[in-house]
Structures are given as structure tokens and as C-alpha cells.
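Take a look at the structure set out below.
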Amino acid sequence: MTLAACGGFYDIVMLLHRCGGDIEKGASTPLMESAQEGHLDIVKSLICMGANIEAKNASDETSLHFAAENGHVEVVFPIFPPNHLGVLVRCACICWTVTQTFIIHQKAVALR
């Protein structure tokens with residue numbers, strides 16, 4: 001199921017679930033993989049099926065981390081639990097810092 005979720009194969013994810021597939025199985029869960037790839041329809045369905053939005057991989061990352069790190073804002077909100085506000089703020093700060101650094105670098109290159 002994890003591979004189907006990662007690849008965005010909605011119908012296969014649904015079929016595997018109906019056949020008893022485990023929505024929490026794998027080093028990264030199907031929810032983590034679909035969040036990482038931005039497959040909103042699969043994310044929403046897995047949450048409705050009871051996927052654990054708090055599940056963590058070996059690196060202590062959740063599906064929310066994967067969605068935010070890969071810029072899938074539309075996926076962040078369905079899996080955004082209230083106690084994860086700090087993660088969202090940190091991601092926003094990192095994005096802002098990277099953007100500022102890029103702009104400063106581009107101005108320095110343009111001045112050469």
C-alpha cells in the first residue's frame with residue numbers, strides 16, 4: 001500500500017484497504033508517502049480510514065513533516081493537528097531564511 005500511495009495510485013490504495021491492507025505498515029507509512037508526494041486525495045482518504053497522523057518514521061518525522069518539507073501546502077492542512085503549530089512555524093521560518101539568502105546572493109551576483 002505504501003508504494004501505491006507514494007505513486008498516487010488512488011484506486012489501488014482503496015482496493016488494498018478493502019482487501020485488508022495495513023494503513024500503518026512500512027518504514028514510512030502510506031500517509032507519509034502520499035503526503036511527501038502531494039497526493040491530496042489519498043491523504044484525505046487515509047485519514048478517513050483512520051491513518052495515524054502522529055506516526056513517526058525512524059528519523060522521528062511525521063506525514064506533516066514530509067508535506068511541509070516538500071511544499072505541499074494543500075496537504076498540510078488536512079493532517080495539521082493543533083499540537084504541531086511549532087513545526088509549521090519552524091518550516092515557515094526556514095523557508096523565509098532560504099528565500100532571503102537566495103535574494104541576497106542574487107543581488108551580490110548581479111553587482112559583480
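The values are calculated or read from the model by the stated rules, or taken from the named source; none is laboratory data. None of these values were measured; they are calculated from a predicted model. Counting neighbours? That spans all protein chains shown, and the Cβs are built from the backbone with ideal geometry, glycine included.
Points to keep in mind about this one:
- The selection criterion, being in contact with a helix residue (DSSP H, G or I) (Cβ under 8 Å, 6 or more places away or on another chain), over 12 Å from Val75 (Cα atoms) and assigned to a helix (DSSP H, G or I), holds for Leu16.
- Selected residue (criterion: surrounded by the most Cβ atoms within 10 Å (Cβ to Cβ)) from residues of the stretch 20-40 that are among the acidic types (Asp, Glu) and closer than 17 Å to Ala68 by Cβ: Glu33
- Checked against the criterion of being surrounded by 14 or more Cβ atoms within 10 Å (Cβ to Cβ), of a type in the set (A, V, I, L, M), within 19 Å of the chain's Cα centre (by Cα) and at pLDDT below 90, the candidates Val13, Val87, Val43, Val73 yield just one match: Val87.
- Any chance Ser34 is polar (S, T, N, Q), at pLDDT below 95 and within 15 Å of the chain's Cα centre (by Cα): no
- Residue-level check: of (1) part of a loop (DSSP other than H, G, I, E, B); (2) within 15 Å of Val75 (Cα to Cα); (3) under 13 Å from the mean Cα position of the chain (by Cα), Ala51 misses just (3).
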